[in-house]
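Chemist: Attaching a single structure in structure tokens format; questions to follow.
The values are calculated or read from the model by the stated rules, or taken from the named source; none is laboratory data. The model shown is predicted, which means the values in this text are computed figures rather than measured ones. Positions of Cβ are generated from backbone atoms using ideal geometry, with glycine treated the same way; all protein chains shown enter the neighbour counts. Surface accessibility is based on the protein's heavy atoms, side chains included, excluding ligands, DNA and RNA. Shrake-Rupley method; radii C 1.70, N 1.55, O 1.52, S 1.80 Å.
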Amino acid sequence: MRIVLVGPPGAGKGTQAAYLAKNLSIPHISTGDLFRANISQGTDLGKQARAYMDAGQLVPDEVTIGMAKDRMAQPDAVNGFLLDGFPRNVGQAEALDEMLRSASLKLDAVLDLEVPEDEVVKRIAGRRICRNDSAHVFHVTYNPPETEGVCDACGGELYQRDDDSEETVRTRLEVYHTQTEPIIDYYRAQGLVVTISALGKVTDVTERAMEALKSSDEG
Ligand code: AMP
């Protein structure tokens, strides 16, 4: 399956993507994770992306689209992928369509994770992520680790993302509304969008998502 996951920052895209990708046996491709890996490796691409990320703005399409295409061209993605954080504007969605069309492929579904705005801010402000694996996500109140600052899954150090400060979150939300939300209408016109609530327990949301994907596949 080829799936796009959309939703505001803090909707739980990364958490859900990790579970869904495992259930569906397809790679989880997160452009945010790819940028962060480039930053920690000190690559040119990372240097180009950093200032935009710290400001909560989108990294320019010239940089992002090429990086996403390279990742989707890897052998593990031939039978499908779950995109998390890409596309993030209509230009990127068009580039993805073009890329798929030229390979005679198409998307199967766009899963839209819905969550109220005040919940998003609360979720992000308390979010802590493992340095070893960005799929290991905790929350100081909602999902605290057993030992403060230490990942339950692997013992890695937990940290707060630089762009998870309240001020940057407000910018990221605005960017989401103005630039990313329009892709939902773009994909709705193609009949691809399935919307689910991202509220509640992580496992419940995964179940809801699997059901929605199954019925979109059958439909
Ligand atoms: P995320 O981990 O998906 O929340 O992404 C973190 C940051 O990486 C975003 O706020 C952007 O600055 C940048 N980023 C990730 N994906 C994209 C994308 N598809 N287009 C532009 N910028 C992106």
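Chemist: Got a number for the accessible area of HIS139? Probe 1.4 Å, square angstrom, nearest 10.
Modeler: For HIS139, the solvent-accessible surface is approximately 20 Å².
Chemist: Residue by residue, what Karplus-based ³J(HN,Hα) values in Hz, rounded to whole numbers, does region 126-138 have, using 6.51, -1.76 and 1.60 with θ = phi - 60° and x for Gly and Pro?
Modeler: x, 6, 10, 10, 6, 5, 7, 8, 5, 7, 8, 10, 10
Chemist: I would also like to ask the following. Where the centre of each part is set by its Cα atoms, how far does region 97-162 sit from region 14-48, in angstrom?
Modeler: Going from one Cα centre to the other spans 10 Å.
Chemist: Starting from the Cα-Cα distance between VAL78 and THR195, subtract it from 0.36 nm times their residue separation and give me the gain in nm to one decimal.
Modeler: 39.5 nm
Chemist: If the rule is a partner Cβ under 4.7 Å, which cysteines in the chain fail it?
Modeler: CYS154
Chemist: Any idea of LEU107's accessible area? Nearest 10 Å², probe 1.4 Å.
Modeler: Counting only protein heavy atoms, LEU107 exposes about 10 Å² to solvent.
Chemist: Additional query: If I take R0 = 25 Å and measure r between the Cβ atoms of ASP61 and GLU117 in this structure, what FRET efficiency does the formula 1/(1 + (r/R0)^6) give, to the nearest 0.05?
Modeler: The formula returns an efficiency of 0.45 here.
Chemist: Just to be sure I understand the curve: with the Debye formula and one point per C-alpha of region 5-103, what is log10 I(q)/I(0) at q = 0.11, 0.25 Å⁻¹?
Modeler: Values, matching the q order: -0.32, -1.52.
Chemist: Now for a separate question. How would ARG101, ARG123, ARG128 line up by accessible area, probe 1.4 Å, largest first?
Modeler: ARG101, ARG128, ARG123
Chemist: Can you work out the FRET efficiency for the pair ALA125 and LYS214, with r the C-beta to C-beta distance and R0 = 22 Å, to the nearest 0.05?
Modeler: 0.05
Chemist: Report ³J(HN,Hα) in whole Hz for each residue of region 63-78, in order, from the Karplus equation J = 6.51 cos²θ - 1.76 cosθ + 1.60 where θ = phi - 60°; Gly and Pro get x.
Modeler: In residue order, the calculated couplings are 7, 5, 5, x, 5, 5, 5, 4, 5, 5, 7, 5, x, 5, 9, 5 Hz.
Chemist: Name the residues whose placed amide hydrogens come within less than 5 Å of the amide hydrogen of VAL150, ignoring near sequence neighbours (fewer than 5 apart) on the same chain.
Modeler: Those qualifying (amide H under 5 Å, at least 5 residues apart or on another chain) are LEU158.
Chemist: Percent of Cα-Cα pairs more than 29 Å apart in the chain, please.
Modeler: Value for the chain: 21 percent of Cα pairs lie more than 29 Å apart.
Chemist: Something else now. For ARG128, list long-range residues whose amide hydrogen, built 1.01 Å from N in the peptide plane, is under 5 Å from its own amide hydrogen.
Modeler: PHE138, HIS139, VAL140
Chemist: Please list 3J(HN,Hα) in residue order for region 7-19, calculated via the Karplus relation 6.51 cos²θ - 1.76 cosθ + 1.60 where θ = phi - 60°; whole Hz, with x for glycine and proline.
Modeler: Per residue, the Karplus-derived 3J(HN,Hα) values read x, x, x, x, 6, x, 4, x, 4, 5, 4, 4, 5 Hz.
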